[in-house]
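Novice: This structure is in structure tokens; I'll ask about it shortly.
The values are calculated or read from the model by the stated rules, or taken from the named source; none is laboratory data. The structure presented is a predicted model; accordingly, all values stated were derived computationally and were not measured. Backbone-built Cβ (ideal geometry, glycine too); neighbour counts: all protein chains shown.
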Amino acid sequence: MKNPLDPAMLSAALENVHRAGIPGLFAEVRDGDQVWRGAAGVADVGTGRPVTAGMRHRVGSITKPFTAAAVLQLVDSGQVGLDTPIGRYLPKLVPGQRGDAITVRMLLNHTSGLAEYLPYAYPSLKAFPALGDTGPQSLDDHRFTRFDPVDLIGMGVTAPAVGAPAGPSGVYSNTNYLLLVQLLEEVTGTTAERYITRNVIERAGLRNTGFPAGPYVEGPHSRLYEAWFGMIDPPRDYSVYDMSWVGPAASLTSTVADLNRFFGMLLTGAVVSLSALAEMQRTVPIISQEGRTIDYGLGLHPMEGPGQGTFWGHGGTVWGGGALAMTRADGKRQMAVAVNMQRWNRLDSSGKPQPHPIDHALAALFRVALYG
């Protein structure tokens with residue numbers, strides 16, 4: 001069933017998210033040849049500068065489908081084996097029995113059992129995402145820290161495992177994708193940023209997507225306000241930040257238009273082969289960073305719509321910013337949304353995030369955008 005775009009309804013849903021507490025947000029929704037772009041709120045709470053739909057934005061883990069696509073291209077060309085142990089490629093980073101047991105596929109779908117390194121790199125986030133005993137102090141400490149990816153991988157590999165390789169369910173971990181970045185560099189002989197740019201970003205014809213070399217977002221962009229569950233009040237701007245704490249696992253900047261173009265091309269076989277795309281869409285249950293069980297493929301996860309079929313895409317967060325991009329399996333209906341505040345939920349006495357009007361307003365926006 002085709003749901004044409006309703007600009008008035010989309011604009012109202014976007015405005016409702018702003019009124020619920022997000023300083024600024026912007027979106028692009030597509031249905032076939034129809035395109036709607038909208039923005040609500042401000043990019044800078046100090047000056048009142050408005051957000052616009054064409055702004056560049058840190059998209060966090062929406063980078064992962066780009067990284068996964070680059071790896072799948074190497075699988076397509078026979079340079080990487082999807083079910084080959086990672087120890088064959090990176091024996092020093094994942095040595096011994098674990099290197100023999102963990103495959104490239106397990107890194108892509110988070111079933112490796114490798115722990116998240118983030119709480120070790122950011123000591124005050126030691127309970128993240130179990131939030132009962134956490135704080136925002138080390139966000140400021142590391143604003144200009146240049147992390148070494150090998151050191152970060154070491155933190156994840158030496159931490160207690162979160163499961164056995166290829167267990168019944170996986171656990172989302174950035175350690176997996178930093179290893180995939182190292183795999184790309186080992187096999188191609190160039191940096192992951194350069195390889196992804198040339199073979200994924202440029203192949204998809206994206207003109208406003210890339211990996212900033214320093215801590216600044218290039219081009220028109222919003223400030224990014226981190227609330228850290230009410231512990232930073234008022235929320236603080238983290239738009240200037242050295243992204244080496246995630247590297248090419250989550251450091252991409254893009255626009256909502258570019259995100260829709262990328263996923264539209266990916267799902268029609270223009271970025272990886274259709275057989276590789278089918279592998280990307282084979283899902284397993286994993287535990288997300290928010291503690292929910294979700295289905296996850298190789299850098300993609302699905303959302304089911306009422307009578308609308310399956311949408312594929314990814315979400316992402318950074319300090320202060322977030323985004324979600326989903327495209328229907330036929331490539332026709334698409335949504336990309338960017339927000340300039342994160343972790344707006346306050347915590348109860350047990351450390352559990354509490355519902356917030358923003359959650360309900362965003363869910364309503366997603367329903368209108370995806371299902372009409």
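Novice: Within segment 171-213, take every residue that is free of Cβ contacts under 8 Å to residues at least 40 places away in the same chain and crowded, with 16+ Cβ neighbours inside 10 Å and give me the one that is farthest from His57 (Cα to Cα).
Specialist: Across segment 171-213, the extreme among qualifying residues is Glu185.
Novice: Quick one: would you say Thr158 is without any contact (Cβ under 8 Å) to a residue 40 or more places away in the chain, surrounded by fewer than 18 Cβ atoms within 10 Å (Cβ to Cβ) and of a type outside the set (Asp, Glu)?
Specialist: Criteria met by Thr158.
Okay, residues lined up against (1) among the aromatic types (Phe, Trp, Tyr); (2) in contact (Cβ under 8 Å) with a residue 60 or more places away in the chain; (3) more than 19 Å from Val337 (Cβ to Cβ):
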position	(1), (2), (3)
Leu252	no, yes, no
Thr255	no, yes, no
Asn260	no, yes, no
Val272	no, yes, yes
Ala278	no, no, yes
Ile286	no, yes, yes
Ile294	no, no, no
Leu298	no, yes, yes
His301	no, no, no
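Novice: Could I ask something else about it? Ile358: among the β-branched types (Val, Ile, Thr) and either under 23 Å from Ala12 (Cβ atoms) or not in a strand (DSSP E or B) (or both), yes or no?
Specialist: Answer is yes for this residue.
Novice: What residue, of Asp76, Asp100, is touching a strand residue (DSSP E or B) at 6+ places or on another chain (Cβ under 6 Å), of a type in the set (D, E, K, R) and over 27 Å from Thr317 (Cα atoms)?
Specialist: Answer to the check: Asp100.
One line per residue, one yes/no per condition, for (1) under 19 Å from Leu298 (Cα atoms); (2) touching a Phe, Trp or Tyr at 6+ places or on another chain (Cβ under 9 Å); (3) among the β-branched types (Val, Ile, Thr); (4) in a helix (DSSP H, G or I):
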{"position": "Phe144", "(1), (2), (3), (4)": "no, yes, no, no"}
{"position": "Phe147", "(1), (2), (3), (4)": "no, yes, no, no"}
{"position": "Gly154", "(1), (2), (3), (4)": "no, yes, no, yes"}
{"position": "Val157", "(1), (2), (3), (4)": "no, yes, yes, yes"}
{"position": "Gly163", "(1), (2), (3), (4)": "yes, no, no, no"}
{"position": "Ala166", "(1), (2), (3), (4)": "yes, no, no, no"}
{"position": "Tyr177", "(1), (2), (3), (4)": "yes, no, no, yes"}
{"position": "Leu180", "(1), (2), (3), (4)": "yes, no, no, yes"}
{"position": "Glu186", "(1), (2), (3), (4)": "no, yes, no, yes"}
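Novice: I'm trying to understand the selection: among the residues of segment 1-53, which are more than 19 Å from Asp233 (Cα to Cα), among the polar types (S, T, N, Q), at pLDDT 95 or above and in a loop (DSSP other than H, G, I, E, B)?
Specialist: Across segment 1-53, the qualifying residue is only Thr52.
Novice: When you scan segment 74-122, how many residues do you find that are part of a helix (DSSP H, G or I) and touching a residue at least 24 places away in the same chain (Cβ under 8 Å)?
Specialist: Residues meeting the conditions: 14.
Novice: Would you confirm whether or not segment 339-355 contains a residue that is buried (at least 24 other Cβ atoms within 10 Å of the Cβ), within 15 Å of the chain's Cα centre (by Cα) and under 22 Å from Asn260 (Cβ atoms)?
Specialist: Yes.
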